[in-house]
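Q: Can you read through this structure? Questions will come right after.
Just so you know, all these numbers are worked out from the coordinates, no wet-lab data involved. Since this is a predicted model, take the numbers as computed values, not measurements. A quick note on method: Cβ atoms are made from the backbone with ideal geometry, for glycine too, and the neighbour counts reach across all protein chains shown.
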Amino acid sequence: MISGSLSVDDMRFLVYIKDIFDACGGAALNFDRLTAELRERGMKVGHGFGREVDIREIKLGGSKAKGKLILYRKKSGSTLRPEGRAICQQCEEILTKLDELHGHIETGRETVRIGLTNALTTNLFPRVLAESPFLKVYPNVDIEIVEGEPHELVTTLLTHVDFAIGSQDLLTSGCISEPLCSRKRVLMYNPTVKYRHDYGKAGVEFGLKHWIREETLFVPATRTMPTLEKFLLPMTTGHRIVVPQAAVRRLWVERGLGIAISHEEVRGARAGSDSLRCIDLSAELGETQLMIFFRKRHQLSPAAQYLVNAFRSTFGEQAAGASS
């Protein structure tokens, strides 16, 4: 058992170290690499990595444990000691129990926490609630959507949620995953607005593939855009704007203020919007495989498992094909 005075942040620090070494197959890593990986996961490394580890080792075993408990430290790179791994695993188990108790302590009711990007929160989760009887089956269970950037879904966020939904390229050794469905890349535009590119200039040597990031929106000049082929040529007139919120990008397009590349909507069958059209770009950009991510050694509650099954039945490959 862990003996000492570790805080919750101390334990998260140690769990992240184990996750980093697991992700690289246990290979030796230098302090700069470990520091960068920890900061990506949202952890502050204010005293320098070596000093931060010293602080936790002293808390665990006193001054004699400094430099001898968590890592084998070498100039060529550090590795995780067996006893250090055991401590990290114990910290992970404690944090899991704390997360499970958090909802009950805070509200007296069970809370299912789901990790989603903003884009999935706005057009994927509402359909699960609309098409499944979850709210009737579990009237005393609350739901919390924990939003974050895609890479956070399988790092920082996954330690705070029951499960998460994200793209296949986020896979790490720190979680369990299963395929959910594929989504096409689409170009959203307003059919009542006449867009144009400036073909009169030499232009820059980049086009569609340089603005495929989901948060990119273009505000072009207004005139006729005759064909898809020309629509996808480099834009030399207009402005690019980074808009992280998917719902905001959609509103900009609907109001005729720009065009945007996003993923296909997964809202189910409904009347098409008069102010929004989508052009399928899967031939040019391929499709994105969405996955369900689970925490290792985390037992889902019946309510959380019910929601996972609702995602599967609503967006499984067959269901996705039927509603497209």
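Q: Round to the nearest 0.05 the FRET efficiency obtained for Leu129 and Lys64 when R0 = 51 Å and r is the Cβ-Cβ distance.
A: Given R0 = 51 Å and the Cβ-Cβ separation, E is 0.40.
Q: Filter the cross-link list Lys75/Lys296; Lys44/Lys184; Lys18/Lys59 down to pairs whose alpha-carbon distance in this structure exceeds 29 Å.
A: Lys75/Lys296; Lys44/Lys184
Q: Fewest Cβ neighbours within 10 Å first, please rank His47, His263, His298 accordingly.
A: His47, His298, His263
Q: Please compute the length gained on full extension between Thr192 and Gln289, using 0.36 nm multiplied by the number of residues separating them and subtracting their Cα-Cα distance.
A: So the chain would gain 31.7 nm between Thr192 and Gln289.
Q: Same structure, new question: Taking a virtual spin label 7 Å from the Cα of Arg240 along the C-beta vector, which residues in segment 276-312 bring their backbone nitrogen under 18 Å of it?
A: 285
Q: Mind checking the full-extension length gain between Ala28 and Gln90? Use 0.36 nm per residue of separation minus the Cα-Cα distance, one decimal, nm.
A: Gain in length upon complete extension: 20.1 nm.
Q: Sticking with this structure for a sec: Give me a comma-separated list of calculated 3J(HN,Hα) values for segment 33-45, in order, Karplus coefficients 6.51, -1.76, 1.60 applied at θ = phi - 60°, integers in Hz, x for any Gly or Pro.
A: Computed from phi, the couplings for segment 33-45 are 5, 5, 4, 4, 5, 5, 5, 4, 8, x, 8, 6, 10 Hz.
Q: Right, another one. Over segment 5-54, consider all pairs of different Cα atoms and compute the Kirkwood hydrodynamic radius from their mean reciprocal separation; express it in Å, one decimal.
A: One decimal place: 11.1 Å for the Kirkwood radius.
Q: Using a Förster distance of 25 angstrom, determine the FRET efficiency expected from the C-beta separation of Glu254 and Asn309, and round it to 0.05.
A: Plugging the Cβ-Cβ distance into 1/(1 + (r/R0)^6) gives 0.15.
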